[in-house]
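Below: one structure, written as structure tokens.
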Amino acid sequence: LTTELGDFATSATATSHFLYVNTAILIKNIFGLNGIEANKVLVILSGAASVVLVYFCVLSLRATQLMSIVAAIVFGFSFSFWRNAEIAEVYTYNSFWICLFFLCLIRSFYTDKKIYIILSGLFFGISLWVHIQNILLIPAFLLFIYHFRQEKKYAFTALVLFGSLFSFLFILNYL
């Protein structure tokens, strides 16, 4: 209903899905779609991108290309993901941001590019703007930052970036 009205969300609550609603409205306005079509486009694109990201996550774990393809297919046709991709709801968009976060986590361990440490903080912070359930990953993120504590500049930047995005989620309601 929020997307159909076309009013951008200006406050974030546990059930408002701030980033999802505003992205769907943006798609609606750019492409001249109605609210339901805009939600469907967002779900289809984020669902397809999530499957591709799962492929790259598994490939980053030094798996073969065949294993990565099989993992992406199994994920894409899994009951939970398929059911969430069938409805115009926030869950596949949330899956997209979480897959980006996990891809950066994995690549932080398997490559020498330290930028992935910072990107993990960015994508995790953004994911909280999509769905509040991602708050349950904070202990894992803190453990990840602790693991890379020797990379002070990158770990600190990722932590500050995440902390800022997380804090703005609450500050937004008072602006």
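The values are calculated or read from the model by the stated rules, or taken from the named source; none is laboratory data. These figures come from a predicted structure and were not determined experimentally. Counting neighbours? That spans all protein chains shown, and the Cβs are built from the backbone with ideal geometry, glycine included. The area values use the complete protein model at the heavy-atom level, side chains included, leaving out ligands, DNA and RNA. Shrake-Rupley method; radii C 1.70, N 1.55, O 1.52, S 1.80 Å.
With the structure loaded, tell me whether Phe124 is open to solvent by less than 20 Å² (accessible area, probe 1.4 Å) and free of Cβ contacts under 8 Å to residues at least 24 places away in the same chain or whether it fails that test. So Phe124 fails the test.
One residue alone among Ser78, Ser46, Ser60 is at pLDDT 95 or above, touching a Lys or Arg at 6+ places or on another chain (Cβ under 6 Å) and not acidic (Asp, Glu), and that residue is Ser60.
Would you confirm whether or not the range 140-155 contains a residue that is β-branched (Val, Ile, Thr), buried (at least 17 other Cβ atoms within 10 Å of the Cβ) and part of a helix (DSSP H, G or I)? Yes, the range 140-155 contains a residue that is β-branched (Val, Ile, Thr), buried (at least 17 other Cβ atoms within 10 Å of the Cβ) and part of a helix (DSSP H, G or I).
Being open to solvent by less than 80 Å² (accessible area, probe 1.4 Å), in contact with a His (Cβ under 7 Å, 6 or more places away or on another chain) and under 20 Å from Val52 (Cα atoms) is a condition met by no residue of the range 101-115.
Within the range 82-121, being under 20 Å from Thr15 (Cβ atoms) and under 11 Å from the mean Cα position of the chain (by Cα) holds for Val90, Tyr91, Thr92, Tyr93, Asn94, Ser95, Phe96, Trp97, Ile98.
Give me a count of the residues in the range 47-93 that are surrounded by 14 or more Cβ atoms within 10 Å (Cβ to Cβ) and of a type in the set (Lys, Arg). Summing the residues that are surrounded by 14 or more Cβ atoms within 10 Å (Cβ to Cβ) and of a type in the set (Lys, Arg) in the range 47-93 gives 0.
Tell me yes or no: at least one residue of the range 13-32 is open to solvent by less than 80 Å² (accessible area, probe 1.4 Å), assigned to a helix (DSSP H, G or I), in contact with a Lys or Arg (Cβ under 8 Å, 6 or more places away or on another chain) and in contact (Cβ under 8 Å) with a residue 40 or more places away in the chain. Scanning the range 13-32, I find no residue that is open to solvent by less than 80 Å² (accessible area, probe 1.4 Å), assigned to a helix (DSSP H, G or I), in contact with a Lys or Arg (Cβ under 8 Å, 6 or more places away or on another chain) and in contact (Cβ under 8 Å) with a residue 40 or more places away in the chain, so the answer is no. Restricting attention to the range 54-89, the residues being in contact with a Leu (Cβ under 8 Å, 6 or more places away or on another chain) and of a type in the set (Asp, Glu) number 0.
Here Leu169, Leu137, Leu119 are screened, and the one residue that is part of a helix (DSSP H, G or I), in contact with a Cys (Cβ under 6 Å, 6 or more places away or on another chain) and surrounded by 13 or more Cβ atoms within 10 Å (Cβ to Cβ) is Leu119.
Every listed requirement among (1) within 20 Å of the chain's Cα centre (by Cα); (2) farther than 23 Å from Ile132 by Cβ is met by Ala24 save one, (2).
Filter the range 143-158 for residues that are touching a Leu at 6+ places or on another chain (Cβ under 8 Å) and of a type outside the set (Val, Ile, Thr) and give the result.
Applying the first criterion (touching a Leu at 6+ places or on another chain (Cβ under 8 Å)) to the range 143-158 yields 144-145, 158.
Scanning the range 143-158 gives Phe144, Ala158.
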